[in-house]
1. How about the range 383-417: which of its residues are part of a strand (DSSP E or B) and among the hydroxyl-bearing types (Ser, Thr, Tyr)?
2. Scan the range 445-459 and report the pairs whose first residue is farther than 19 Å from Gly181 by Cβ and open to solvent by 50 Å² or more (accessible area, probe 1.4 Å) and whose second residue is in a helix (DSSP H, G or I) and not hydroxyl-bearing (Ser, Thr, Tyr), with Cβ atoms within less than 7 Å and a gap of 6+ or a chain change.
3. Residue check: is Val232 part of a loop (DSSP other than H, G, I, E, B) and among the β-branched types (Val, Ile, Thr)?
4. What residue, of Ala504, Ala442, Ala475, is open to solvent by less than 60 Å² (accessible area, probe 1.4 Å), modelled with pLDDT under 95 and not assigned by the TED database to the domain that holds Ala172?
5. Any idea which residue in the range 425-435 is surrounded by the fewest Cβ atoms within 10 Å (Cβ to Cβ), counting only those that are part of a helix (DSSP H, G or I) and touching a residue at least 12 places away in the same chain (Cβ under 8 Å)?
6. Restrict the check to the range 162-169 and report whether at least one residue is over 15 Å from Asp259 (Cβ atoms), open to solvent by 20 Å² or more (accessible area, probe 1.4 Å), among the charged types (D, E, K, R) and at pLDDT 95 or above.
7. Quick check: anything in the range 103-122 among the charged types (D, E, K, R), under 30 Å from the mean Cα position of the chain (by Cα), surrounded by 12 or more Cβ atoms within 10 Å (Cβ to Cβ) and part of a helix (DSSP H, G or I)?
8. Go through Gln176, Gln212 for me and flag whichever is in contact (Cβ under 8 Å) with a residue 12 or more places away in the chain, under 17 Å from Tyr122 (Cβ atoms) and crowded, with 17+ Cβ neighbours inside 10 Å.
Amino acid sequence: MLSTGVRRSLKAAPQWARLGQRGARTQAWAGSGGPLAQAIPAVSVSGDTHQSQEGGFFSKLFGLKKSGPVITPLFEPLPGLQTPSPVEFASIPLETKITTLPNGMKIASEDTPGPTTTVGLYIDSGSVYETAGNNGVSHLLERMSFKTTNNRTHFRLIREVEAIGGNVQASASREQMAYTGDALRTHMPEILELLADSVRNPKFVEWEVKEQLARVKAEVSEMANNPQSLMVEALHSAGYAGALGRPLLCPESNVGRLDSAACREFVEANYTAPRMVLAASGVDHSDLLAVAEPLFSDLPKVALPPTPLTEYVGGDWRLAADAPVTHVALGFEFPGGWRNEKDAVAISVLQMLMGGGGSFSAGGPGKGMYSRLYTRVLNQHGQVNSCTAFNSIYNSTGLFGIHGTAPSAFIASLVDIMCEEFLAVATPGGVTETELQRAKNATISHVLMNLESRVVTTEDIGRQILTYGHRKPPAEFCSMVEALSADDITAIAAKITKTPLSMASWGDVVHVPRFDQVAARFA
């Protein structure tokens, strides 16, 4: 038992000292044969007896000594324990194998290790192939995916997917449609057959179409309350004339025009063999080919349609809304798109370099808080709610811009700040080597970490083959990023800011500067 003087010292000591003393008493109790000693086996360690008997700082301070056997700390290895040597795996680069069927359809796969497989059907189709009469049919087809087919009801199809523990999903974009499925490797034939049946034999039952049209209409209505997504759509409408200027989501005015016949006609015209790629990861190529060839070899071989006409013209889009903050987006064209490979890589690094985000972030520097828009905008101007760089790249063109939000009273100043950031990166010497190296490292890290996912790998295979006709290995992309210099970033920034300005705003647009005034900053 401690003396009265010691107890008074403990009572007067700070909390951390009392915690340390409780630890010392617990150790003494364990060494004296209490319940703790029975629960934790003691292991004697030779060579540390003197140090262990002396105890720690508080034991010396209060005159306490350890008694009994010595307990080895958990952070020290047990004596005499032999650990096995680590297993060394040979670093064998994965190969993407591609087979082209006689009808022109491509089948590609990468045998990534793991117990599961992902299969995706990617089609050169989307809203750019729509017309004024059927605008929005791609959005409806996304909603109609994996519904009733000529061979299965929707209920049976879902039950079969559940029976094998699979997962299916579909997505529509402006230039491509994607249908993907995940399952265990042993169930690859089943998930692939379900995928083929859903894409090739949709029945488009009238009541299912009407049900999904109601949901499409609800999504379009909700879009008006989601300015983040609305800004991107608005920039496309303002900036492009032609195919890319059509909205990706079904216009509310077109909901009443779409029906099962419109879906069927669009599928028959666009879902053809030369415009399809079957991509997979986590599967042997010969096994995939043995299952896929009978399912798709009878697709008709037809000539590829002409590329839909699109012209970038720039413009202004504004929508007044009663909101506490105002959203503004400034964008420019990125000529060449994905087919301009060097500039596409440079624009990706430029987006990472500018970065940005919201005024509150719990992620720390790893979430991009060292990017230019963080350090030069969000950290310097407390009125700015968010400021983020974005890009939307397509086969032959693209959009690069900055989206910012702020209270209406500050929105004019925010537009001026956004213009200054565009001009800063387009000025020689405006990008430092430290910023560039950090952006290059972040770009490579982002790509490689995403490619650890089977779903992303499958999508990368499918979309690259649709765009280039083959898949570029990740190492090639990384080497192109490493080869970029600060002059390359400045050059691509100067190149895009010479194109016509596209501008979109939502909220209290009265305080947003006039379009011609903003465009004159880049003249």
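The values are calculated or read from the model by the stated rules, or taken from the named source; none is laboratory data. These numbers come from a predicted model, not from an experiment. Cβ placement follows ideal geometry from the backbone for every residue including glycine, while neighbour counts extend to all protein chains displayed. Keep in mind that these areas ignore ligands, DNA and RNA; they rest on the heavy atoms of the full protein, side chains included. Shrake-Rupley method; radii C 1.70, N 1.55, O 1.52, S 1.80 Å.
1. If the condition is that a residue be part of a strand (DSSP E or B) and among the hydroxyl-bearing types (Ser, Thr, Tyr), then Ser386, Thr388, Ser392, Thr405 are the ones that fit.
2. Between residues of the range 445-459 that are farther than 19 Å from Gly181 by Cβ and open to solvent by 50 Å² or more (accessible area, probe 1.4 Å) and residues that are in a helix (DSSP H, G or I) and not hydroxyl-bearing (Ser, Thr, Tyr), the close pairs are Leu448/Pro474; Asn450/Val456.
3. No, not satisfied.
4. Ala442
5. Top of the filtered list is Glu433.
6. Checking the range 162-169: at least one residue is over 15 Å from Asp259 (Cβ atoms), open to solvent by 20 Å² or more (accessible area, probe 1.4 Å), among the charged types (D, E, K, R) and at pLDDT 95 or above.
7. So far as the range 103-122 goes, no, none of its residues is among the charged types (D, E, K, R), under 30 Å from the mean Cα position of the chain (by Cα), surrounded by 12 or more Cβ atoms within 10 Å (Cβ to Cβ) and part of a helix (DSSP H, G or I).
8. Selected residue: Gln176, the only one of Gln176, Gln212 that is in contact (Cβ under 8 Å) with a residue 12 or more places away in the chain, under 17 Å from Tyr122 (Cβ atoms) and crowded, with 17+ Cβ neighbours inside 10 Å.
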